Amino acid sequence: MWKGRFSQDTSSLVQRFGESISYDWRLFPHDIAGSIAHARAQLKAGLLTEEEFSAIEKGLLEIEIDIREGRFEFKTSLEDIHMNIESELTKRIGAAGGKLHTARSRNDQVATDTRLYCRTQIDGISGAIHDLQKTLVGKAEQYAASVMPGYTHLQRGQPVTVGHHLLAYVEMLQRDKGRLNDCRRRLNVSPLGSGALAGSTINLDREAIAEELGFDGVTRNSMDAIADRDYIAELLFVISMCGVHLSRLSEDLILWCSSEFGFVALSDAHTTGSSLMPQKKNPDVCELTRGKTGRLVGNLMNLLVAMKGLPLTYNRDLQEDKPPLFDSVDTILLVLAVNTEMIAAMEMREDRCLAAASDPMLLATDLADALVKSGVPFRTAHELVGKAVAESVKSGVPLDALDLTAIDPAYTDAMKSVFSLETALAARTNPGAPSVANVKREIERWKASL
Ligand code: ARG
C-alpha cells in the first residue's frame, strides 16, 4: 500500500509483529458498511461514476458474504482488515477499487469501525443483561417471602428475604445498562472525514455519511477523533463493573452452596465434580465468573496504560486497543449467558435459609427500636440490648427467652413481641426496605419495566 516510497519489502518478522488481521478481521461488517457510506459520499461529490460506485458496493457486499461463509483468505502481509478488504476489492473490480480510499485514512477508518463495533456489542450486552435481570426477578418472585439472614462483615445481621437479596443484583444490573446507554450515546458520532489527522482537501459530506451509518452526528475535531479511544476505555469499564457485580453474586452463591450455609442447590448441569473426591459438587461457573472478572479489569488497565503516554494523534500503540476490547466483549457475553442459565435452574433451600434467620439475635436491633418507641434514647437502648445479648451469651438462654425486665426496668414484657420474623419483616415498610409487601411491589415494578 505504500510501495512508492520504499525499496525493500517489510521483513516477515515485522509483518508477524505488526499484523492485526488475526483478530481485527471481525470488524469486517463495520468496515464494509463504512466503506459503502464513504463511497456513496464520493459519488455525490462527483469523485465516482454511478458505475464505479455500483462496482464498489457490489464488490464489498460480495466480499462480506465470502468472509461470512469462510471463503475469504486473509493475508498477514496485508496487515489489517482495512487493507485486506481494499486490496481484494481492487483485485475483483479493478481501478475503481483504488479510488475508495480517497479522502480517507486507515486512522479515521479504524476509529469508525471500532465505534460501530462497540455500538453493536453494547446492544448485545444490554440484551444479555436484560435476560439475566428477568431471570433474577423470576427467582425473586419464587422466593419473595422466603426469609434469610442478611449479612454485614459476613456475620448475620438482620432478616431479609431471598427475593430482596436477589433484587439487589437486579438494581446493579440496571445501573450497568444505564452506563452502557451513556457510553453508547457518547460514542455514536462519526469520525469519518477526519483523515489521517487533519481532515482532507477533498470535502465529502460528513453528515450524510454519519446518517447512513446510524451515527447521531460527526466528531468536531479531527485530531481528537483520530486519537480518541475513550469510548473503548469506557466500555471496558462498564463491562468490568458488570463483571464485578456478577463476581459478587458468584461469591454469594459460592458461600450459599457450601455445606456450612446450604442455602442453595445449583443444578447438576451447572456444577462440576471432582476427579478425585466422589462426593464433590463444585460451583465452577461461579468461580470462573469471579476469576474472569480479573481479566475484565485487566483489559481496562491494559488500554488505559497503553493510552496514557500517547502524543496526539494516531500512534501504532492504538492497534493494541482491540485484543482487550474483543476479549472483554466475548467474556462478558458468555458470563451473562451462563449465569442466566445457572440461576434459572437453581433452587433455594428455604428451610435452611429460615433456620439461619431464626436466631433471635438477628432481632436485637428490633428490640432496641422497641425501647426507642417507648421513649428510651437510642444509645441507651443499644446499651440495654447489649447487656441482654451479653447475658444470653453467658447463660446460654436465647435472647427471646430471657427475663428482660430483670435486666432493666425500661423493658416491658410486651417488647418480646419483636421476636417474630413475620412482624420484623412486616414492619420494614419504608421504600427500599425488605417487607414482603415491598418486595412484591418491586417485583411487579420490575416485571412491568423489563
Ligand atoms: N490496524 C491499525 C489499527 O488497528 C489501523 C490503523 C493503521 N494506521 C496507521 N497509520 N498505521 O490501529
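Miscellaneous remarks
- Accessible area of the chain belonging to carbon and sulfur atoms, whole % at 1.4 Å probe: 54 percent
- From most to least packed by mean Cβ count within 10 Å, the peptides 163-173, 45-55 give 163-173, 45-55.
- Volume in Å³ per residue [convex hull over Cα atoms, computed for the range 157-282]: 190 Å³
- Ordering of 22-35, 267-280 by packing [mean C-beta count within 10 Å, highest first]: 22-35, 267-280
- All lysines inside 28 Å of residue 394 as judged from Cα atoms, apart from same-chain residues fewer than 8 positions distant: 373, 416
- Over the chain, all Cα pairs binned in 10 Å intervals from 0 give whole-percent P(r) values of 4, 17, 21, 17, 14, 11, 8, 5, 3, 1, 0, listed from short to long.
- Using Cβ point charges alone (K and R +1, D and E -1), the dipole size of the range 1-128 about the Cα centre works out to roughly 260 debye.
- Packing-based ranking, highest mean first, of 101-114, 245-258, 378-391 given that Cβ atoms within 10 Å are counted: 101-114, 245-258, 378-391
- Reciprocal mean inverse distance between Cα atoms of the range 139-196 - Kirkwood radius, Å: 14.5 Å
- Seen from all directions on average, the range 272-355 presents a Cα convex hull projection of 9.1 nm².
- Charged side chains reduced to their Cβ positions (Lys and Arg at +1, Asp and Glu at -1) give the range 222-269 a dipole of some 60 debye around its Cα centre.
- In Hz, Karplus ³J(HN,Hα) per residue of the range 162-175 (6.51, -1.76, 1.60; θ = phi - 60°; x = Gly, Pro): 4, x, 5, 4, 5, 5, 4, 6, 5, 4, 4, 5, 5, 5
- q = 0.10, 0.11, 0.19 Å⁻¹: log10 I(q)/I(0) that the Debye formula gives for the range 13-160, counting C-alpha atoms only: -0.51, -0.56, -1.16
- Over the range 188-268, relative contact order from alpha-carbon pairs under 8 Å, at least 6 apart, %: 24 percent
- Alpha-carbon Rg with Dmax, taken over the range 1-71, Å: 15.8, 42
- Annotation for residue 437 and residue 393: the two label points, set 7 Å from Cα along the Cα-Cβ direction, are 3.6 nm apart.
- In straight-distance terms, cross-link reach from residue 280 covers every one of the lysines whose alpha-carbon lies under 25 Å from its own, apart from those fewer than eight places away in the same chain; here that gives 292.
- Average 1/r across all pairs of distinct alpha carbons in the range 260-321, invert it, and you get the Kirkwood radius: 15.3 Å.
- The per residue volume of the convex hull around the alpha-carbon atoms of the range 117-172 is 75 Å³.
- Charge dipole of the chain (Cα centre as origin; +1 on each Lys and Arg Cβ, -1 on each Asp and Glu Cβ, all else neutral): 460 debye, rounded to the nearest 20.
- Taken over the alpha carbons of the range 324-450 as equal point scatterers, the Debye sum produces base-10 log I(q)/I(0) values at 0.10, 0.11, 0.14, 0.18 Å⁻¹ of -0.53, -0.60, -0.78, -1.02.
- Rg/Rh ratio calculated on Cα atoms of the range 216-282 (Kirkwood radius): 1.36
- For the cross-link pairs 134/440; 58/322; 99/322, the ones whose C-alpha atoms lie over 24 Å apart are 58/322; 99/322.
- nm² value of the averaged projected area, convex hull over the Cα atoms of the range 381-450: 6.1 nm²
- For the range 93-245, taking Cα atoms only, Rg and Dmax work out to 22.5, 75 Å respectively.
- Average projection area in nm² (convex hull over Cα atoms of the range 78-171, one quarter of hull surface): 10.7 nm²
The values are calculated or read from the model by the stated rules, or taken from the named source; none is laboratory data. Computed from a predicted structure; not experimentally measured. Backbone-built Cβ (ideal geometry, glycine too); neighbour counts: all protein chains shown. Remember, those area values only see protein heavy atoms, side chains included, never the ligands or the DNA or RNA. Shrake-Rupley method; radii C 1.70, N 1.55, O 1.52, S 1.80 Å.
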